[in-house]
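Inspection log for the structure reproduced underneath, given as structure tokens.
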Amino acid sequence: MSTVDVHHPEELRVEAELEGTAASPIPTDSGTPLFSNPADWFVPPFPERVEDLDVGMGFLADLALKTVPLDSDCTTSTIATRMRLGMLITETLLQRLTNDKCIEIKGMVGLHNHRYAMLDHGWAELRRLTSFCSYAGPAPVSLKSYSEMITQQVRNRPPATRQALDQAMSNLILSDYAKEILGLVVGSGRSLFLTGPSGNGKTATARALVEAIPGEIWIPYAIEVDGQVIRMFDTHNHVPVPHTNDDYDRRWVRIRPPLVVAGGELTLQSLDLCYTETQRFYEAPLHVKANGGVLVIDDLGRQRCSATELLNRWIVPLEYRIDYLTLGTGKKIQMPFEQIVVFATNLTEADLEDEAFMRRMGYRLHAEAPSPETYTEIFLRYARSRGIYADEILVIQLLRKYQTEGRVPKSCDPRDLIDRTIDRCRLLRQPVKLTEQGLDVIWKGYFGTPGTDPKR
């Protein structure tokens, strides 16, 4: 009996739209340069004039007007700092507002640096502007500039070195096969379906993956689309890295490859642009903020939407490395989807029963329960990291308890047992020490009595 490849409706739509136009990853023999740190080669050039910017002067002047009231002593310099623009460009925008009778010059501070104050007409115009968009911050870049920049940086990365991978995974005990698969994931930028029982390091492995990504990337503070603003940078998901000189477009910020983790709180709505009447501008969804780094869908199957709904949402992005987002006006915009997506779950492929999704999964890796030798190494290594001596005989006794009570060891158990032993020693005002008696107390408090171990 033959099988039929069932396509999802959205998959057929995008295939029709992108026939012959979908960008594919750069092959290693294409002759395209792979830079040791793309952020050093794709430095956004400093704009000297308003004409050098990729956003309209009218929009920037409106943004400057929203920025003027933010400082009691408003000068060209303070506005330039807030908008991340040069002094000449900022002065040009402020002169336009002066000509429009929105602000007035109150004095001179220095060359191309005046002091300004709001006028009545400016306050009225400000109320009109903020009713439409209240964003007042670093000047945004165009969607086109962002798409080109992030795509060039990600696709010109060098392959991950074994040394970088070993260093990133130094706190984990992995087989050579697992390290090879993870190296392929980092080098290709493809997704990873990471399965296995809970407590065996899936989330830790996914989190460590980002440390093996070479170099840094540039992202904008915000993006402008049809007069609307999408905020990209946030201090929770992005860690800035200082640039070596000041000769670059300050609307961009150099960051480490981001790590974005989404757990049970994830909904389908959170994968689209977020707009509220309070802020009146858009916040980029998590997967867009993860561009250039790693997006971890932690504990797949426990989200506030079904696993099938969530996986269907990823069909197009995983295939074409693009995603479609919808503005409040109904307009759809195309966004790059240039990150490694790690689906960490204790579900099996049979549980998902979604052949179309699994075909698009880059790599698959199963996190096995630790062998006695691996468990022992984890236990001894973690004890050393906490400055505690661990006798290997104690570990052998623990492994016998697992066997006697019919429990399956997990990679997280050594850490949890040792940490709880430290808690007990502190409570009893005793020197921190691993003993058979102490571990027996902790064992019962951690696992419960035999027969009460839930299915894990």
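The values are calculated or read from the model by the stated rules, or taken from the named source; none is laboratory data. Small disclaimer: the values here were computed from a predicted structure and weren't measured. Note: ideal-geometry Cβ built from the backbone for every residue, glycine included; neighbour counts use all protein chains shown. These accessible areas exclude ligands, DNA and RNA; they are computed on the full protein's heavy atoms, side chains included. Shrake-Rupley method; radii C 1.70, N 1.55, O 1.52, S 1.80 Å.
Miscellaneous remarks
- Per residue, in Å², the accessible surface of the range 380-440 once ligands and nucleic acids are set aside, probe 1.4 Å: 63 Å²
- The mean accessible area for residues of the range 266-315, using a 1.4 Å probe and ignoring ligands and nucleic acids, is 38 Å² per residue.
- Quotient of Cα Rg and 2.2 N^0.38 Å for the chain, N being how many residues it contains: 1.20
- Percent antiparallel among DSSP beta bridges (both partners in the chain, rounded to 5): 55 percent
- Flagged links, alpha-carbon separation over 23 Å, of K202/K332; K101/K144; K202/K444; K66/K331; K202/K401; K179/K202: K202/K332; K101/K144; K202/K444; K66/K331; K202/K401
- Charge-dipole axis of the chain as Lys and Arg at +1 and Asp and Glu at -1 on Cβ define it, positive-most pick from L427, Q228, L126: L427
- Residues D71 and C412, FRET efficiency given R0 of 45 Å [Cβ-Cβ distance, rounded to 0.05]: 0.35
- Nearest-ten-degree value, helix 57-67 long axis tilted from longest Cα axis of the chain: 70 degrees
- Here the contact order of the range 342-442, divided by its residue count and restricted to Cα pairs under 8 Å and six or more residues apart, works out to 25 percent.
- Heavy-atom accessible area per residue - the range 66-105, 1.4 Å, Å²: 43 Å²
- Protein accessible area in the chain, 1.4 Å probe - carbon and sulfur %: 51 percent
- Range in the chain, longest, excluding exposed GluC sites (Glu not before Pro) [loop by DSSP; at most 15 other beta-carbon atoms within 10 Å]: 49-264
- Length added when fully stretched, R49-K144, from 0.36 nm per residue minus Cα-Cα: 32.3 nm
- Label reach from D226 (point 7 Å along Cα→C-beta): in the range 303-327, amide nitrogens under 16 Å belong to 324-327.
- Debye, to nearest 20: dipole size of the range 253-298, +1 on Lys, Arg Cβ, -1 on Asp, Glu Cβ: 320 debye
- Rounded if a/c under 1.5, otherwise prolate or oblate - the range 196-260, Cα gyration tensor axes: oblate
- The range 298-440: C-alpha gyration tensor shape, a/c 1.5 cut-off, then a/b vs b/c: prolate
- Cα gyration tensor, the range 75-133 - rounded (a/c under 1.5), prolate or oblate: oblate
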